[in-house]
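The values are calculated or read from the model by the stated rules, or taken from the named source; none is laboratory data. Predicted model only: the values in this text are computed from it and were never measured. FYI the Cβ positions are ideal-geometry reconstructions off the backbone, even for glycines, and counts take in every protein chain you see.
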Amino acid sequence: MIRADSPLAPAGADSGPRTQDPGLLICARGIAKVYRKGSTEVVPLDDLDLDVPRGQFLALMGPSGSGKTTLLNLLAGIDQPSRGTLHVAGTEIGQLSRSRLTRWRADTVGYIFQLYHLLPVLTAWENVELPLLLHPLSASDRARRVGLALDLVGLSGRGDHFPRQLSGGQEQRVAIARAIVADPPLLVADEPTGDLDREAAAQILALLRQLVVEQNKTVVMVTHDPRAATAADRVLHLEKGRLIETALAAGSGAS
């Protein structure tokens, strides 16, 4: 979409150690996350290993409390592991300072939420433009990128609409455009179809699939919906903080 002529500096230049297999976008070894509530330890993830090749669509499933969102937040650099090593896009993100992690996240990850998280006082165009304000881009460069992102999600004529003027499916498309506008290699999606009807959900899954196939994005999606999981290349279940590979998805469930 944008990367070939991107004016952004590569994320890896000052992001931390780079020792990951170049064929893998994600490489986690022995990951654990520990929270403390008073004198009690809560361990949603324990001794977890995960490899995700570049350009794969991975669905994570599991019961509530199994650690799915915790894992997603670790992969996105929103949180850091208590133990283990986590390489994403070539960088060991567990060793980054807060400021370097913020820069890495802006370059590397697009986050798609269930409830869109659009700012209601901004137009679709302005919502999509927000992540670009973290980068040293001119107004014309930002406009070019926003236009490309909205066109890719099929909303090139809706840039001047506010969220209240859009359907739920259209709002989620705006959120996806916002997630891809800086051209990150990794998209993480937390129940991206959970608030949509069946038709709109199928359209969003088809769009995510398109981003994988045509734009070589890597997508990690948390979902409770087995139908949504069939859009992925691979399905993993989290059970008590451990990953279990139970099925290979057809990668065509959204078509």
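At-a-glance table
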quantity: Failed condition for Asp197, given (1) more than 22 Å from Val219 (Cα to Cα); (2) free of Cβ contacts under 8 Å to residues at least 40 places away in the same chain; calculated: (1)
quantity: Residue selected from region 87-106 under the condition without any contact (Cβ under 8 Å) to a residue 60 or more places away in the chain and buried (at least 17 other Cβ atoms within 10 Å of the Cβ), by the criterion farthest from Lys217 (Cα to Cα); calculated: Gly94
quantity: Members of region 126-154 that are within 20 Å of the chain's Cα centre (by Cα) and closer than 20 Å to Ile204 by Cα; calculated: Asn127, Val128, Val146, Leu148, Ala149, Leu150, Asp151, Leu152, Val153, Gly154
quantity: Any hit, region 244-255, residues being surrounded by fewer than 17 Cβ atoms within 10 Å (Cβ to Cβ) and assigned to a helix (DSSP H, G or I); calculated: no
quantity: Test: residue in region 50-59 that is out of contact with any strand residue (DSSP E or B) (no Cβ under 7 Å at 6 or more places or on another chain) and of a type outside the set (Ser, Thr, Tyr); calculated: no
quantity: Considering residues of region 195-222 that are outside any strand (DSSP E or B) and of a type in the set (Val, Ile, Thr) only, the residue surrounded by the fewest Cβ atoms within 10 Å (Cβ to Cβ); calculated: Val213
quantity: The one condition in (1) assigned to a loop (DSSP other than H, G, I, E, B); (2) at pLDDT 95 or above that Glu126 fails to fulfil; calculated: (1)
quantity: Residue that is nearest to Pro226 (Cα to Cα), among those in region 162-194 that are in a helix (DSSP H, G or I), touching a residue at least 60 places away in the same chain (Cβ under 8 Å) and not hydrophobic (A, V, I, L, M, F, W, C); calculated: Gln172
quantity: Members of region 26-51 that are closer than 14 Å to Leu238 by Cβ, surrounded by 20 or more Cβ atoms within 10 Å (Cβ to Cβ) and among the β-branched types (Val, Ile, Thr); calculated: Ile31
quantity: Single match in Gly154, Gly159 (criterion: buried (at least 18 other Cβ atoms within 10 Å of the Cβ) and either in a loop (DSSP other than H, G, I, E, B) or among the aliphatic types (A, V, I, L, M) (or both)); calculated: Gly159
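Residues are listed down the side, and each one gets a yes or a no for (1) part of a loop (DSSP other than H, G, I, E, B); (2) at pLDDT 95 or above:
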| residue | (1), (2) |
| --- | --- |
| Gly55 | yes, yes |
| Pro81 | yes, no |
| Arg100 | no, no |
| Arg103 | no, no |
| Tyr116 | yes, no |
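Matching residues to (1) on the phi < 0 side of the Ramachandran plot; (2) touching a strand residue (DSSP E or B) at 6+ places or on another chain (Cβ under 8 Å); (3) not small (Gly, Ala, Ser):
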| position | (1), (2), (3) |
| --- | --- |
| Asn73 | yes, no, yes |
| Ala76 | yes, yes, no |
| Pro81 | yes, yes, yes |
| Leu86 | yes, yes, yes |
| Ser99 | yes, no, no |
| Arg103 | yes, no, yes |
| Asp107 | yes, no, yes |
| Tyr111 | yes, yes, yes |
| Val121 | yes, no, yes |
